[in-house]
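S.K.: Structure incoming, see below.
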Amino acid sequence: MAVRIVDTSDPAETESLGAELAGSLRDGDVVLVRGELGSGKTTLVRGAARALGVTDCVTSPSFSIGHRYRAGDRLTVSHLDLYRLAGLEQEDPALLADYLGAGRIAFVEWPPDAAAHELSGARLRVSLTHRGEDRRRIEVVDG
Ligand code: ADP
Ligand code: MG
C-alpha cells in the first residue's frame, strides 16, 4: 500500500493530479474519491476523465447517481456521486451494475468518512481536505 500526499493551490493543479493518476488506471478499475462538499472531488475526476479521453464536459451528477462518458472506442468512464447516500445496503445492487465492470473505469465520490465496503476492491482511494482558500490536501492510497 503506497500513500502519497499532494498539496494543490488551485483547481488546475487538482485536475493535473487527476490526469496523472489516470495514467495508472486500467479497464475495470474503481477509484474512490472522498471529501467534504467543495473539496474538489469532481474537479479531480474531471482532470482524470479528460486524460482518459473523455471530450464531453464532466459535471456533477444531480438528477441521477452518475454519468457515463465515452472515452475512445472501447472505454466508458463512469462518474458516480454517492455523497448523499448513507450506504448502498438499502439500494438496489443493480444500481451500480451499469457503471462498474469490464470496459469501464469508475470514479465514485463519497462523503469523508463513509465506509464503502461495497467498493472494497478499489484500485485507488483519494481523500481531499480543505486547507483554506484555494488550497487542498490530497491523499492518494494505492491498493
Ligand atoms: P466536490 O465535488 O468535492 O463537491 P468540486 O470539484 O465540485 O467539489 O468543487 C470544488 C470547488 O473548489 C470548485 O469551485 C473549484 O474551482 C474550487 N477550488 C478552489 N481551489 C481548488 C483546488 N485546489 N482544487 C480543487 N478545487 C478547487
Ligand atoms: Mg462533486
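The values are calculated or read from the model by the stated rules, or taken from the named source; none is laboratory data. Since the structure is predicted, the reported quantities are computational estimates derived from the model, not experimental observations. These accessible areas exclude ligands, DNA and RNA; they are computed on the full protein's heavy atoms, side chains included. Shrake-Rupley method; radii C 1.70, N 1.55, O 1.52, S 1.80 Å.
S.K.: If you average the C-alpha positions of region 1-61 and of region 104-143 separately, how far apart do those two centres end up, in angstrom?
M.R.: 9
S.K.: How big is the C-alpha Rg of region 1-66 next to the rule-of-thumb value 2.2 N^0.38 Å, as a ratio?
M.R.: In units of the 2.2 N^0.38 Å rule of thumb, it is 1.12.
S.K.: In a Gaussian network model over the chain where Cα atoms closer than 10 Å are linked, find which of A12, A106, A122 has the largest mean-square fluctuation.
M.R.: Taking springs between Cα atoms under 10 Å, the residue moving most is A12.
S.K.: Oh, and also: Projected area of region 23-143, taken from the Cα convex hull and averaged over every viewing direction, in nm²?
M.R.: That works out to 7.4 nm², a quarter of the Cα hull's surface.
S.K.: For region 96-143, what is the per residue volume of the convex hull drawn over the alpha-carbon atoms, in cubic angstrom?
M.R.: Expressed per residue, the convex hull around the Cα atoms of region 96-143 is 103 Å³.
S.K.: If you don't mind, another one. Based on DSSP, what percent of beta bridges with both residues in the chain are antiparallel, to the nearest 5?
M.R.: 55
S.K.: Relative contact order of the chain, please, whole-number percent, based on alpha carbon pairs below 8 angstrom and at least 6 residues apart. Write down the numbers at each step before the final one.
M.R.: Values: 291 pairs, mean separation 53.2, N = 143.
It comes to 37 percent, rounded to a whole number.
S.K.: Percent of accessible area on the chain owned by carbon and sulfur, 1.4 Å probe? Intermediate results must be reported in sequence, preceding the final value.
M.R.: Values: 3690 of 7500 Å².
On the chain, the fraction of accessible area on carbon and sulfur atoms equals 49 percent.
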